[in-house]
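No lab work stands behind these numbers, since they all come straight from the coordinates. It should be emphasised that the depicted structure is a prediction, and the values quoted were computed from it without experimental measurement. For neighbour counting, all protein chains shown are included, and Cβ atoms are generated from backbone atoms with ideal geometry for every residue, glycine included.
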Amino acid sequence: MKKYFVFILAYLIAPACFCQINQLNASTLAATLKENAHSVKREEKITFEVKDIDKAKLSVHQLITVLDAEDEYILHFNQYSSSFQRLDNATIKVFDAKGKAMNEYKMKEMKVQAIGSGLVVDGKIYYFRVSAPTYPITVQYDYEIIFKGTLDYPDYKIVPPDQAVEHSVFTASVPENLDLKFKPKNISLNPVISASGKNKIYTWEVKNLPAVKNEEGAVSSESYPAILLAPNKFSMDGNEGDLSTWKDFGIWYSKLCRQVNNLSDATKNQMKEMVKNATADKEKIKIIYDYLQTNFRYVSIQLGIGGYKPFDANFVDKNKYGDCKALSFYMKACLDAINITSYPALINAEYNKEPVDPAFPHNSFNHMILCIPGAKDTTWLECTSNSADFGVLGNFTENKNALLITPSGGVLVATPKSKSSSNKFDLFTKIILKEDASGETESVLKTTGEYKDEIISSLQDEKKDDQKEYLVNRLGFLQPDDFSLKTESEDGLQKTDFKLMIEKIPDFSAGSKMFLNPRIYKLWNYKFKAEEKRTKSFYFPFPFIKTDTTVYQLPENYIVENLPKARDVKFDYGIFKTQYIYNEKENTVTSIAFLQLSQYIIPAGKFLDTKKFFSNVIDEYTEKIVIKRK
């Protein structure tokens with residue numbers, strides 16, 4: 001009887017063991033799952049259990065086969081942990097291609113990095129890098145996250161690009177009186193809904209989902225299949241709130257921050273004194289914004305009820321630093337002191353993130369800016385930057401939906417649309433070409449917007465070697481033997497003057513002829529990847545206008561033999577024009593170019609036109625100005 005029982009038990013257990021072995025063996029993968037994939041999620045079981053309005057637990061089990069080095073990042077485990085979302089019971093197991101166990105790592109073996117800009121510790125990252133001697137390799141992750149506060153429900157991120165899914169299950173259990181909201185993205189997948197006692201159970205399941213190819217320039221992870229989850233009711237550190245509507249969420253945030261506006265009377269009087277001679281509100285706002293930019297610095301600190309409550313204005317005033325929330329609220333407090341109304345605004349920043357959905361309240365925010373409504377227009381301020389122009393948002397926060405935090409609740413409004421005229425790159429260069437093909441150049445570069453910020457961060461106050469690397473590797477200038485450079489701000493733009501000494505100016509020489517490039521740098525040098533069929537929009541970092549005027553002063557004994565033909569190329573979102581002029585009297589050749597991208601988001605159906613357009617720009621640089629000895 002005992003033998004019979006053991007036989008039956010073995011019979012029942014065997015299928016489960018066989019299934020696990022099958023999933024550990026890379027050779028058992030179906031061909032359809034390996035197509036276009038660099039990794040395959042073999043088995044995933046994620047359970048999110050809301051125990052109460054302020055307590056929850058996430059349990060994760062993942063078994064992933066990494067097929068090649070393209071998806072090596074999957075072998076890099078990293079999880080954020082804080083007092084509000086604590087990592088617990090993390091284990092990593094590694095298997096070879098045949099499913100044989102190689103290594104096992106516990107949480108105590110992981111490396112830990114504190115977060116907090118060196119001023120305060122506001123959390124830590126646990127990370128571990130699994131080495132892959134060969135591919136394929138399979139890694140198993142098991143861990144739990146304990147939530148103390150329930151504003152941020154974890155989304156079910158079904159699959160990243162270039163990964164297939166063999167089997168994945170996500171289960172959310174929530175008290176029926178709290179319930180939850182969900183929204184499918186880039187997939188048609190409905191949950192099975194059931195009940196267990198007083199809990200409502202949502203289960204999403206995916207089987208044999210082919211890989212979604214990664215497309216360059218696509219919007220971040222939001223382009224790929226996922227289920228967004230959000231609470232209706234939540235609590236953070238005893239502060240209960242409602243995320244049923246944007247208005248309700250704004251009410252909660254406004255209450256959370258009601259005590260941070262505590263500027264001292266001395267500072268309030270200082271603000272009034274600073275603007276006493278200004279007549280218009282906009283002038284007053286600019287004076288105080290200039291004061292903020294000059295005297296305060298940004299630090300990334302995510303403290304204060306899970307990173308949501310900012311340091312109070314008095315703390316920022318004394319210490320002269322703060323994160324985006326603290327600096328935005330400080331600017332608001334200063335404006336309040338001079339009777340100008342402003343509203344902090346939560347926003348999901350980054351140029352390639354989609355705007356938050358007005359119809360689905362969900363905490364997707366990662367940044368804060370300030371909005372000042374005016375009688376005729378609205379002023380937006382980026383309070384973390386020491387170089388941003390007054391009233392100008394960069395590509396980080398343009399084209400978004402921001403949630404204004406008002407005393408009566410949250411109001412979702414659109415931030416300004418980006419314009420090509422805001423981001424200008426205008427270069428004038430004169431080249432003194434010598435008969436031995438060497439030369440000296442003098443250039444004046446004027447930049448605004450994103451180009452201005454780039455020049456400031458890459459050239460201003462940088463070491464000479466770093467400046468040279470930027471000129472040559474980023475802007476595509478010819479390698480100089482020596483150079484000098486200076487930068488200065490001038491009427492809302494950045495002006496950069498530089499001189500280059502170059503041993504060889506022509507691209508090449510043949511006999512009595514020199515073959516010159518249209519200019520000594522590349523107006524555009526990014527080559528798009530070949531895509532047979534694109535399904536997602538392409539995101540440029542920003543729209544722009546680039547203009548270039550290059551004047552070659554030819555050697556006395558040389559004349560022009562041939563000039564490239566002028567170009568005038570257009571497509572729906574761009575213009576490229578060139579012109580070449582030979583002044584026989586002064587013996588100069590002038591090359592003029594104009595390049596404009598008017599829209600930074602390119603629909604998938606227009607990508608090939610875009611690729612062709614910029615290929616034309618690259619091709620133009622290969623044409624030569626031919627000069628010859630008399």
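A few remarks follow.
- In the range 183-237, residue farthest from the chain's Cα centre (by Cα) [restricted to those that are without any contact (Cβ under 8 Å) to a residue 12 or more places away in the chain and assigned to a strand (DSSP E or B)]: SER194
- Long-range neighbours under 7 Å by Cβ, at least six apart or interchain, first residue free of Cβ contacts under 8 Å to residues at least 40 places away in the same chain within the range 160-182, second surrounded by fewer than 16 Cβ atoms within 10 Å (Cβ to Cβ): GLU176/LYS198
- If you filter the range 508-521 down to residues that are under 37 Å from the mean Cα position of the chain (by Cα) and not β-branched (Val, Ile, Thr), you find that the one that is farthest from VAL444 (Cα to Cα) is ASN517.
- Hits in the range 594-614 (condition: in contact with a Lys or Arg (Cβ under 7 Å, 6 or more places away or on another chain) and within 19 Å of LEU523 (Cβ to Cβ)): PHE594, LEU595
Let's see how each residue does on (1) assigned to a helix (DSSP H, G or I); (2) surrounded by 16 or more Cβ atoms within 10 Å (Cβ to Cβ); (3) among the hydrophobic types (A, V, I, L, M, F, W, C):
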site: LYS570; (1), (2), (3): no, no, no
site: ILE575; (1), (2), (3): no, yes, yes
site: ILE581; (1), (2), (3): no, no, yes
site: GLN596; (1), (2), (3): no, yes, no
site: GLY605; (1), (2), (3): yes, no, no
site: ASP609; (1), (2), (3): yes, no, no
site: PHE613; (1), (2), (3): yes, yes, yes
site: ASN616; (1), (2), (3): yes, no, no
site: TYR621; (1), (2), (3): yes, yes, no
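- Strands (runs of 3 or more DSSP E) completely within the range 466-532 that count 1 or more residues being touching a Lys or Arg at 6+ places or on another chain (Cβ under 9 Å), surrounded by 14 or more Cβ atoms within 10 Å (Cβ to Cβ) and of a type in the set (Ser, Thr, Tyr): 482-490, 493-502
- Looking only at the range 567-594, and only at residues there that are of a type in the set (Val, Ile, Thr) and over 34 Å from the mean Cα position of the chain (by Cα), the one that is nearest to LYS424 (Cα to Cα): THR590
- The residues of the range 408-454 that are surrounded by fewer than 22 Cβ atoms within 10 Å (Cβ to Cβ) and among the aliphatic types (A, V, I, L, M), listed by number, are VAL411, LEU412, VAL413, ALA414, LEU427, ILE432, ALA437, VAL444.
- Of all residues in the range 411-469, those being touching a Leu at 6+ places or on another chain (Cβ under 7 Å) and under 30 Å from PHE249 (Cα atoms) number 5.
- Remark: pairs (first residue in the range 332-346, within 20 Å of THR279 (Cα to Cα); second residue of a type in the set (Gly, Ala, Ser) and surrounded by fewer than 24 Cβ atoms within 10 Å (Cβ to Cβ); Cβ separation under 6 Å; 6+ apart in sequence or on different chains) = LYS332/SER342; LEU335/SER342.
- Looking only at residues in the range 369-383 that are assigned to a loop (DSSP other than H, G, I, E, B) and crowded, with 20+ Cβ neighbours inside 10 Å, the one that is farthest from the chain's Cα centre (by Cα) is CYS383.
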